[in-house]
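The structure appears right after this line, and notes come after that.
The values are calculated or read from the model by the stated rules, or taken from the named source; none is laboratory data. Everything numeric in this text was worked out from a predicted model, so none of it was measured. Ideal geometry is used to build each Cβ from the backbone, glycine not excepted, and the neighbour counts take in all protein chains shown.
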Amino acid sequence: MALIANVVQGSSSVRLALLIHGYGADERDLGGLLTYLDPEGELAAVLPRGPYAVPGTPGYSWYPLGPQDTEGTYASSLAELDDLLDEQAAALGFDRSQSIVGGFSQGAGLALGLALQRTDRPRPLAALAMSPTIDTGAFDLDAHDAPPVLVQHGTNDPMIPVQRSRELARRLRALGVPTVYREYPMAHQVALESLRDATDWLALVTAGERPDEPVPDDPIELVPSVTTAQWDAEVLKSELPVIVDFWAPWCGPCKQVSPIVETIAAMRKGFYKVVKVNIDEEPQLAQEYGVQSIPMIGLVRNGRLERASVGAKARPQLEAELGMLVIP
C-alpha cells in the first residue's frame, strides 16, 4: 500500500530527512522537532504515517505491539519505508545516499533497519534512533561501511528499559558501526537536551564526519531491581535486613517515593539492603506478599516480611513505620 506522507521543505533544503513516528502517533508527531533539528532549514522532511490504525487511539502503528494489533509486520513496514525513501528522494531531487533517517520508539527501530539492513539500495547518510523499541536482530544487518548512528534513551523510561539501548549501542560498536550513545533523565519522550545533542551530531555527520564514542559503563543502581528468580538469594537469604519497594511504572506516588527510597539506600548502606520489585513484571511476588496498593515499602528480615508501609510518605515517617531508627 502507498504510505500517506507529509513533506515539510526547509527554505534552503539540501537533503532529505525521513522521520518515522512511534506507536499510537501519526505523521504530525515528529514535525515539531524540525525547529530544533533543522534551524537553518536545510532538510526536506518526509513525515510518513503508519499504515495501521491503533484501536482506541487516534494514532497508527507500523507493526503489532499488543494483542489488539492484528495487522502488519516489522519487515513489511520496513519495505514500504524503503520504497518511500526512494520515491521521495527522486520526487524532491535529492540523493538518497545523503538522506537522514530518524525515528522515535517503533520508528527508531525502523530507522535503524533502513540504515543497517543488507540491501542493494544506497544507504542513508546516518540514522537517529530515539528510544528504539527493537534491536538489530529484527533485520539482516550488514555492518560493512555502515552509516553513523545516534542512539538516545531516557533513564526513567517506563516502557522500554534504558539498558536495552545501552546494549544495542555496544553491540553496534562491536560490529564496527560508528555509534554515539546518549541518555537523559527523562521518560519515554524527547527532551530539549536530547534534541540539542541530535542537532550537534547531525552537524558533524553532514560535515563528513563519522562520530563514534565508547558507551559509558552502566551506572551503579542504588536500588536494583529484583526478579522472582532472584528473590530467594537476594532477599530471603540476605544477611542484612532488606527494604523492598513494590512499584509500577504507571504509579504516580511510586515516582514520588522513589528518591526517598534511594536516599535511604545511600544513608543505610552496610546496615540494610534496598531493592525494588516491578509488580507488573513480577505479579507472583506481588500476590505472595499481599501487595494490593502501591507503593508498598516492606521490610524483610530473616526470610519474612516484618513490616510494610503503603503510600508515598516523607522519609522520617517511612523509616518509623518500617521500625528503623529515624535519621533526621
**Asked** Quick one: would you say Val257 is in contact (Cβ under 8 Å) with a residue 12 or more places away in the chain and in a helix (DSSP H, G or I)?
**Response** yes
**Request:** Given the conditions (1) under 18 Å from Ala229 (Cα atoms); (2) surrounded by fewer than 20 Cβ atoms within 10 Å (Cβ to Cβ), report the number of the one that Trp247 does not fulfil.
**Result:** (2)
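For Pro211, state whether it is in a loop (DSSP other than H, G, I, E, B), surrounded by 12 or more Cβ atoms within 10 Å (Cβ to Cβ) and modelled with pLDDT of 95 or more.
Considered against the rule, which asks whether it is in a loop (DSSP other than H, G, I, E, B), surrounded by 12 or more Cβ atoms within 10 Å (Cβ to Cβ) and modelled with pLDDT of 95 or more, Pro211 comes out as yes.
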**Message:** Anything in the range 117-138 that is within 19 Å of the chain's Cα centre (by Cα) and either surrounded by fewer than 24 Cβ atoms within 10 Å (Cβ to Cβ) or under 17 Å from Leu65 (Cα atoms) (or both)? List them, or say none.
**Reply:** Ser131, Pro132, Thr133, Ile134, Asp135, Thr136, Gly137, Ala138
**Prompt:** In the range 70-77, is there at least one residue being surrounded by 23 or more Cβ atoms within 10 Å (Cβ to Cβ), assigned to a helix (DSSP H, G or I) and out of contact with any helix residue (DSSP H, G or I) (no Cβ under 9 Å at 6 or more places or on another chain)?
**Reply:** no
**Request:** Considering only residues that are among the acidic types (Asp, Glu) and under 30 Å from the mean Cα position of the chain (by Cα), look in the range 233-245 and name the one that is farthest from Ser309 (Cα to Cα).
**Result:** Glu234
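Can you tell me how many residues in the range 194-208 are under 30 Å from Asn278 (Cβ atoms) and either at pLDDT below 90 or of a type outside the set (Asp, Glu) (or both)?
Of all residues in the range 194-208, those under 30 Å from Asn278 (Cβ atoms) come to 194-195, 197-198.
Now drop any that are not either at pLDDT below 90 or of a type outside the set (Asp, Glu) (or both), which leaves 194-195, 198.
Total meeting the criteria: 3.
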**Message:** Criterion first (on the phi < 0 side of the Ramachandran plot, in the same structural domain as Leu195 (by TED's automatic domain parsing), out of contact with any Gly (no Cβ under 6 Å at 6 or more places or on another chain) and touching a residue at least 60 places away in the same chain (Cβ under 8 Å)) does Arg28 satisfy it?
**Reply:** no
**Message:** Please determine whether any residue of the range 282-290 is under 29 Å from Asp157 (Cα atoms), in contact (Cβ under 8 Å) with a residue 60 or more places away in the chain and either outside any helix (DSSP H, G or I) or among the hydrophobic types (A, V, I, L, M, F, W, C) (or both).
**Reply:** no
